[in-house]
1. Enter the per residue convex hull volume of region 1-87, computed from alpha-carbon coordinates, in Å³ rounded to the nearest integer.
2. Angle, helix 17-30 long axis vs. longest principal axis of the chain, Cα atoms, 0 to 90°, nearest 10?
3. Please work out how much length the chain gains when fully extended from residue 44 to residue 76, using 0.36 nm per residue of separation minus the C-alpha to C-alpha distance, in nm with one decimal.
4. Based on other C-beta atoms within 10 Å, arrange 78, 34, 13, 43 from fewest to most.
5. Based solely on its DSSP helices, what 222 nm [θ] is calculated for the chain when runs of n ≥ 4 H residues each add -39,500 (n - 2.57) and the sum is averaged over all residues, nearest 500 deg cm²/dmol?
6. Quick one: 18, 56, 42, fewest Cβ neighbours within 10 Å first, how do they rank?
7. Please work out the FRET efficiency for the pair residue 30 and residue 57, using the Cβ-Cβ distance as r and a Förster radius of 30 Å; give the result to the nearest 0.05.
């Protein structure tokens, strides 16, 4: 268990919060998609928008410089413009 917790901490410390939040929402929201193409559309938009983000540049720089990344984007203000992409269903 300590090794698993240490690995989880390392992963959490070295991942971009916006990318993780978007991936988490895609996993949860796409579980009920009626066709794999729906997930592909959302995933492609995420790659397009986040691929040009400051966090990607920081991740690459940190990797090249062999240092911990300092991701500046925040979930509270930096989610892609298309987020949320789903329509909430009315309670019946």
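1. 128
2. 30
3. 9.3 nm
4. By the 10 Å Cβ count, ascending: 34, 13, 43, 78.
5. Calculated from helices alone, the mean residue ellipticity at 222 nm is -18500 deg cm²/dmol.
6. Listed from fewest to most nearby Cβ atoms, that is 56, 42, 18.
7. 0.65
Coordinate-derived values only; no laboratory data. Please read these numbers as outputs of a predicted model, since none were measured by experiment. Please note: Cβ atoms are built from the backbone with ideal geometry, for glycine as well, and neighbour counts cover all protein chains shown.
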